[in-house]
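Peer 1: Following this message is one structure expressed as structure tokens.
The values are calculated or read from the model by the stated rules, or taken from the named source; none is laboratory data. For clarity, every value in this text was computed on a predicted model and none was experimentally measured. Note that each Cβ is placed from the backbone with ideal geometry, even for glycine, and that neighbours are counted across all protein chains shown.
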């Protein structure tokens, strides 16, 4: 089934409405990985705080599922993760 072209004006209007809806949404409670957060309208607010707080989510190899597993172990910061001994706990 072919997709009908809606025209530039209608497309741009839909993009503006979607962006406004995202801006008006509540700030997410959960920090995600960088690749996910970078697309969020709150990125410029949340990500610098995460970096300043040295949250584990700012590490490149910590994806959302990994972050949740680390949080479940009580690990939320780079320092807490660094304090864990291989094969054991801090």
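Per-residue answers, yes or no, for (1) in a helix (DSSP H, G or I); (2) within 10 Å of the chain's Cα centre (by Cα); (3) modelled with pLDDT under 90:
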{"residue": "18", "(1), (2), (3)": "yes, no, yes"}
{"residue": "22", "(1), (2), (3)": "yes, no, yes"}
{"residue": "30", "(1), (2), (3)": "no, yes, yes"}
{"residue": "60", "(1), (2), (3)": "no, no, yes"}
{"residue": "71", "(1), (2), (3)": "yes, no, no"}
{"residue": "74", "(1), (2), (3)": "no, no, no"}
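Peer 1: Turning to a different aspect of this structure: What are the pairs, 6+ residues apart or on separate chains, where a residue within the stretch 1-23 that is under 26 Å from residue 37 (Cβ atoms) has its Cβ under 6 Å from a residue that is at pLDDT below 85?
Peer 2: Listed by first residue and then by second, the contacts come to 22/41; 23/41.
Peer 1: Looking at the stretch 35-47, I want the residues that are closer than 18 Å to residue 66 by Cβ and have a partner that is modelled with pLDDT under 80 and part of a helix (DSSP H, G or I) with Cβ atoms under 8 Å, at least 6 apart or on another chain. Which pairs are those?
Peer 2: 47/34
Peer 1: With the requirement that a residue be touching a helix residue (DSSP H, G or I) at 6+ places or on another chain (Cβ under 8 Å), loosely packed, with under 14 Cβ neighbours inside 10 Å and under 21 Å from residue 85 (Cα atoms), what does the stretch 25-70 give you?
Peer 2: 60
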